[in-house]
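Everything below concerns the one structure shown next.
The values are calculated or read from the model by the stated rules, or taken from the named source; none is laboratory data. Note that the structure is predicted; figures quoted are calculated from it, not measured. In this analysis, Cβ positions are derived from the backbone assuming ideal geometry, glycine residues included, and neighbour counts consider all displayed protein chains.
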Amino acid sequence: MGCIIWLNSIFMIPAKYALFAGISILINLVFQYLSILMYSGYASFYFAMVIGTAFGLGAKYLLDKKFIFYYKKPNKSLYSPIFFYYVMTGMFTTLIFWGIEITFHTLYSDPSAKYVGALIGLTIGYFIKYFLDKKYVFI
């Protein structure tokens, strides 16, 4: 029985994390797309990346905190530095994601190429972010 529980947990966490990463990626890309629809002027591409990142990161934080790392505040204070630490690890992975998205946007003339780059960058970023969060954030 203990082996089944162990196998369940060893496979469920990566499966849930992948599902939540997919949800967050979808949220990110939808908000990028909506931002471009609402504003297509100067620097709209970069504005959309920031908006998408903010919404995607917020959703991913809530899902990770509750369903991946099962984090509960150790004390009753209103302030918790966990979100700050989460954002700090996210800054590193965001540079990877943005770098790949900008590269695809620059190299390919197809307007949807930036979304392919974002999907690749976010996937790589979330893979790295899990290990950073496990070691530095939700300890």
> residue 62 is checked against (1) surrounded by 15 or more Cβ atoms within 10 Å (Cβ to Cβ); (2) within 18 Å of residue 31 (Cα to Cα); (3) hydrophobic (A, V, I, L, M, F, W, C); (4) modelled with pLDDT under 95 and fails just one. What number does that condition carry?
Replying inline: (1)
>> I'd like the full set of residues that are closer than 16 Å to residue 91 by Cβ and in a loop (DSSP other than H, G, I, E, B), limited to segment 39-56.
In response: none
> residue 47 versus (1) within 13 Å of the chain's Cα centre (by Cα); (2) farther than 15 Å from residue 138 by Cα; (3) surrounded by 13 or more Cβ atoms within 10 Å (Cβ to Cβ): which is the lone unmet condition?
Replying inline: (1)
>> Restricting to segment 129-139, name every residue that is in a helix (DSSP H, G or I), among the hydrophobic types (A, V, I, L, M, F, W, C) and loosely packed, with under 15 Cβ neighbours inside 10 Å.
In response: 131
>> Out of 23, 13, 102, I need the residue that is at pLDDT below 90 and surrounded by fewer than 18 Cβ atoms within 10 Å (Cβ to Cβ). Which one?
In response: 13
>> Among the residues in segment 108-123, are any in a helix (DSSP H, G or I) and surrounded by fewer than 14 Cβ atoms within 10 Å (Cβ to Cβ)?
In response: no
